[in-house]
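Comments concern the structure below.
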Amino acid sequence: MNNEIKADVPQLSIPQRMKAFNDESATEFWQTSRNIDELVCERALKFDQIIIELWQAADWPESAIDKIGLYAVGGYGRGELHPHSDIDLLILVIGQPENHTQQIETFIQSLWDLKVNIGHSVRNLEELYEESKADISVATSILERRQLVGPASLDRSIGDLFASDEIWPNAKFFKAKRDEQEKRYDRHADTEYNLEPNIKSSPGGLRDIQTINWITRRFFGSALPTDLVSRNVLTEKESQALQNGRRFLWQVRFGLHLLSGRGEDRLLFDYQRELAKKFGYTNSSGQLAVEQFMHHYYRVVLEIREINDLLLQHFDEAILRAHYAPKIEPINDYFQIRDDYIQVTDNTVFESRPAALLEMFVIMANRQDIAGVRASTIRLVKNSLHLIDDSFRENPEANGYFMQLLRAPYSLVAQLTRMRRYGILGKYIKEFGKIVGQMQHDLFHIYTVDAHTVMVIRNMQLFKKTSSQDKFPVAHHCINNIEKIELLYLAGLFHDIGKGRGGDHSELGAVDAVAFCKRHALSAEDTDLVEWLIKSHLLMSAVAQRQDIYDPDVIQKFARLVETEARLDYLYTLTVADINSTNPTLWNNWRATLMRSLYVETRKTLRRNPEDFIDRSTYINGIISVTLERLKERGISIQRARAIWERPEPEFFLQHSPVQIAAMTEAIENRSQAQIDNNVPVILIRDFADRGSEEGATEIFLYAKNQPHLFTLAVMAMDNLELSVLAAHLHTSPNDMSFSSYVVLDESGKPMGEKSPKRDQLRELLTRYIATPAPDPTIFEGRSKRLVPRRLKQFKIPTMASIDCNESQNYSVLSVTTSDRPGLLAHIGTIFLDLGISVRSAKITTLGEKVEDVFYITDMDNKPIIDDKSAHSLTSTICTQLDEEP
């Protein structure tokens with residue numbers, strides 16, 4: 001048959017040639033500096049030869065020569081082929097495809113036998129025409145077709161069909177491609193900063209470049225960068241950025257396919273680390289190698305997305321609005337609105353008056369009728385970044401505009417986002433420029449530092465809205481009490497700006513913020529507040545999650561640090577905005593409950609006179625008094641209640657509210673005689689609202705005969721039902737009865753619910769486990785069958801354990817930091833059992849792939865662990881066993 005590409009005469013079999021070529025290209029990729037463009041295009045040419053050879057072997061009749069053609073389409077049609085990319089083919093027939101069924105089936109089967117990823121379609125011209133009219137993806141694939149075999153006249157016939165306006169005229173084609181991109185962005189949460197991005201389809205990925213190429217090819221008949229520059233569609237700098245960005249993403253994709261052994265376009269954690277190593281990145285004092293690699297990746301895709309956005313706006317004007325007279329509204333001597341987009345009045349505005357670079361965003365933040373910045377003005381902004389130097393940063397006019405922006409009534413977040421993307425924010429605040437695209441290689445921080453920072457401001461603005469009252473009632477109250485909102489926003493902008501430099505990022509950020517505040521003429525009082533907020537932005541969450549916030553001494557100490565109710569409002573708002581911008585899964589009902597309780601109790605303390613401070617004993621007596629009144633109303637006398645409690649430890653009253661204690665006591669009193677005689681535990685399960693807060697979690701109250709492994713058995717039962725234990729409190733009375741309570745959430749991070757079948761299942765498991773004389777190995781069955789999620793496997797954190805051996809306390813405090821995994825708490829419980837450790841209480845904190853657990857423990861004689869030898873044995877055993885666990 002006639003064809004335009006001559007196949008080589010094979011010296012080896014096709015599978016042997018494929019293997020040799022694949023091995024050769026992999027070696028060249030990893031071990032040489034071979035140009036990635038050459039590698040990718042060479043692979044396409046090699047497969048052209050193989051495919052043509054197989055086509056010729058299909059025994060085509062002479063009559064088919066001028067009536068059938070073979071085309072490469074998709075990425076293969078563009079002459080691009082990565083190691084495991086799909087090979088998409090179109091077989092085009094004049095007449096009916098059925099006339100060539102045998103040869104087509106022989107050809108396709110020969111491709112399948114090679115075990116390559118083949119996608120194919122068989123059409124005649126009429127079918128191709130109709131399908132292309134109906135489906136933009138079919139029309140797009142034909143637009144970038146490449147003929148491998150067949151008569152030139154057939155290809156001209158396709159060109160003639162698509163040259164008419166009947167199939168996707170320019171305006172319709174552009175709109176369809178823009179809509180297609182918007183839907184794709186939605187699937188990726190409209191962010192280029194995903195933890196495990198898809199290098200092909202995520203915003204800023206290869207598909208963004210392809211979208212530009214499709215539109216320009218349809219509109220101009222060419223997607224060559226040189227043609228686009230000559231037509232003033234792209235600047236030389238933008239053209240170079242796109243080509244460099246594409247080469248970088250091709251490099252990543254080529255390596256990703258080789259490492260995964262498949263057509264994997266997701267940049268998963270394990271591949272990120274391996275690619276960083278193979279590409280020559282090394283750890284530094286401030287950043288891991290993988291963080292440097294991903295920093296580079298995020299900066300590249302951010303630039304690609306910006307050029308894509310700019311070009312789509314350009315084509316919107318050139319294609320969709322070409323026949324409309326623009327509507328222009330003057331704003332001042334420097335800016336005007338053109339068809340809802342702001343633009344400069346002439347191209348010398350920024351050069352003659354640099355402060356206008358900030359003024360433009362202030363104008364947009366004070367109006368609600370501006371859709372964005374016109375493409376030509378965006379280009380001018382980017383070309384004017386050199387004007388933002390030290391003298392600009394010291395310019396009172398520019399400083400004034402920035403503070404006006406922070407106080408503006410509308411779209412602050414949208415303007416900060418634009419400033420970040422255009423490079424303005426990173427130039428004006430130099431330290432911010434260093435964190436653009438900077439990621440932290442863990443599951444706790446799911447956004448880059450700059451994206452997280454802007455999201456903090458977004459959440460702060462969200463709290464101001466009435467619609468936030470249900471989910472964030474305290475934050476809504478606090479932010480609407482704040483006098484100077486711009487100080488809160490400044491704390492948000494600078495709270496993480498010191499990351500990636502080594503050292504304490506809170507301290508580094510505070511230094512930067514103080515210099516910024518002084519430059520912007522803030523008062524000493526306002527500067528001190530911003531500095532304190534940045535230094536203390538982790539304080540409130542740490543106290544809420546790791547300390548006993550129902551202990552008046554803890555509240556008093558925290559209140560002394562906060563000093564005023566106004567500072568408490570600022571700190572609470574910053575903390576909640578920070579948590580929700582770090583990882584949305586962190587903000588669950590239980591964490592909300594802890595934060596609200598700490599806020600409420602601290603506010604009460606701050607409102608009292610210092611001499612009116614309530615000490616522990618007074619506080620406990622108050623709890624007891626209220627509880628006894630409640631029980632009296634339910635027919636339980638003071639004497640009977642005290643007999644049930646039998647002198648419990650003071651912490652029992654600190655760690656439970658009168659409502660909780662009364663419910664526990666009533667459940668114990670209402671036991672049947674058979675339950676008492678047979679030592680059947682009392683199990684009370686209820687969803688609870690913590691001291692006036694919203695529903696927070698499920699509390700499980702357990703009253704049973706004390707035994708050394710009670711904590712271990714209880715957490716095993718909860719773990720087997722996939723309940724997450726957040727807190728535990730265990731108290732033993734002189735008659736050797738254990739009062740214990742556990743706070744849990746289900747697998748969705750919510751309370752169990754009144755109708756959950758797990759309630760009865762948990763009662764049955766707890767009763768059965770507690771009845772066993774020693775822990776039964778089958779108790780671990782549920783835990784052993786639960787697999788570690790893929791993402792957690794990628795982050796193995798060496799276990800660290802430390803113990804506070806303070807003799808003045810009646811317990812020791814054990815802190816354990818390790819990798820999260822199913823059944824972790826149950827495993828720690830078995831270690832305690834083996835070592836003769838009794839748990840008094842526990843606070844469990846999960847931060848992405850890491851857990852930070854605090855246990856209040858004693859030995860089996862209820863004494864603290866005070867000697868160094870025992871403490872070392874405990875901590876080393878925990879570290880060894882947890883790190884050895886598969």
Got a sec? Which of 847, 833, 874 is open to solvent by 30 Å² or more (accessible area, probe 1.4 Å), hydrophobic (A, V, I, L, M, F, W, C), touching a helix residue (DSSP H, G or I) at 6+ places or on another chain (Cβ under 9 Å) and within 24 Å of residue 546 (Cα to Cα)? 833
Restricting to the stretch 50-79, give me the number of residues that are modelled with pLDDT of 90 or more and on the phi > 0 side of the Ramachandran plot. 2
List the helices (runs of 4 or more DSSP H) inside the stretch 713-817, counting only whole elements, that have at least 1 residues being modelled with pLDDT under 80. 781-785, 790-793
Suppose the filter is touching a Leu at 6+ places or on another chain (Cβ under 9 Å), open to solvent by 10 Å² or more (accessible area, probe 1.4 Å) and not in a loop (DSSP other than H, G, I, E, B); does residue 132 pass it? no
Residue selected from the stretch 43-76 under the condition open to solvent by less than 50 Å² (accessible area, probe 1.4 Å) and acidic (Asp, Glu), by the criterion nearest to residue 120 (Cα to Cα): 48
Out of everything in the stretch 536-553 that is surrounded by fewer than 18 Cβ atoms within 10 Å (Cβ to Cβ) and at pLDDT 90 or above, what residue ends up being nearest to residue 743 (Cα to Cα)? 542
For the stretch 362-377, how many residues meet the condition of being open to solvent by 50 Å² or more (accessible area, probe 1.4 Å), of a type outside the set (A, V, I, L, M) and in a loop (DSSP other than H, G, I, E, B)? 4
Checking the condition touching a Ser or Thr at 6+ places or on another chain (Cβ under 7 Å), buried (at least 18 other Cβ atoms within 10 Å of the Cβ) and β-branched (Val, Ile, Thr), which residue from 158, 142 passes? 142
If residue 679 satisfies every condition in (1) assigned to a helix (DSSP H, G or I); (2) open to solvent by 30 Å² or more (accessible area, probe 1.4 Å); (3) over 28 Å from residue 591 (Cβ atoms) but one, which is the exception? (1)
Just one of the numbered conditions (1) more than 25 Å from residue 194 (Cα to Cα); (2) in contact (Cβ under 8 Å) with a residue 24 or more places away in the chain; (3) surrounded by 17 or more Cβ atoms within 10 Å (Cβ to Cβ) is not true of residue 476; which one? (2)
How many residues of the stretch 569-587 are open to solvent by less than 30 Å² (accessible area, probe 1.4 Å) and touching a residue at least 60 places away in the same chain (Cβ under 8 Å)? The answer is 13
For the stretch 164-239, please list each of the helices (runs of 4 or more DSSP H) lying entirely inside it that holds at least 3 residues being farther than 28 Å from residue 252 by Cα, open to solvent by less than 60 Å² (accessible area, probe 1.4 Å) and not small (Gly, Ala, Ser). 170-187
Starting from residues that are open to solvent by 10 Å² or more (accessible area, probe 1.4 Å) and of a type outside the set (S, T, N, Q), keep the ones in the stretch 346-361 and report whichever is nearest to the chain's Cα centre (by Cα). 359
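Restricting attention to helices (runs of 4 or more DSSP H) lying wholly within the stretch 1-113, give those where 2 or more residues are closer than 28 Å to residue 242 by Cα.
On the way: elements: 14-31, 36-56, 74-77, 101-113.
Where helices (runs of 4 or more DSSP H) fall fully within the stretch 1-113 and carry at least 2 residues being closer than 28 Å to residue 242 by Cα, they are 14-31, 36-56, 74-77.
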Please determine whether any residue of the stretch 267-276 is open to solvent by 10 Å² or more (accessible area, probe 1.4 Å) and at positive phi. no
Residue that is farthest from residue 412 (Cα to Cα), among those in the stretch 487-513 that are acidic (Asp, Glu) and open to solvent by 20 Å² or more (accessible area, probe 1.4 Å): 504
Within the stretch 309-345, considering residues that are in a loop (DSSP other than H, G, I, E, B) and in contact with a helix residue (DSSP H, G or I) (Cβ under 7 Å, 6 or more places away or on another chain), the one surrounded by the most Cβ atoms within 10 Å (Cβ to Cβ): 334
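The values are calculated or read from the model by the stated rules, or taken from the named source; none is laboratory data. In this text the structure is predicted, and so the values were computed from the model without any measurement. In this analysis, Cβ positions are derived from the backbone assuming ideal geometry, glycine residues included, and neighbour counts consider all displayed protein chains. Side chains included, ligands, DNA and RNA excluded: accessible areas come from the protein's heavy atoms. Shrake-Rupley method; radii C 1.70, N 1.55, O 1.52, S 1.80 Å.
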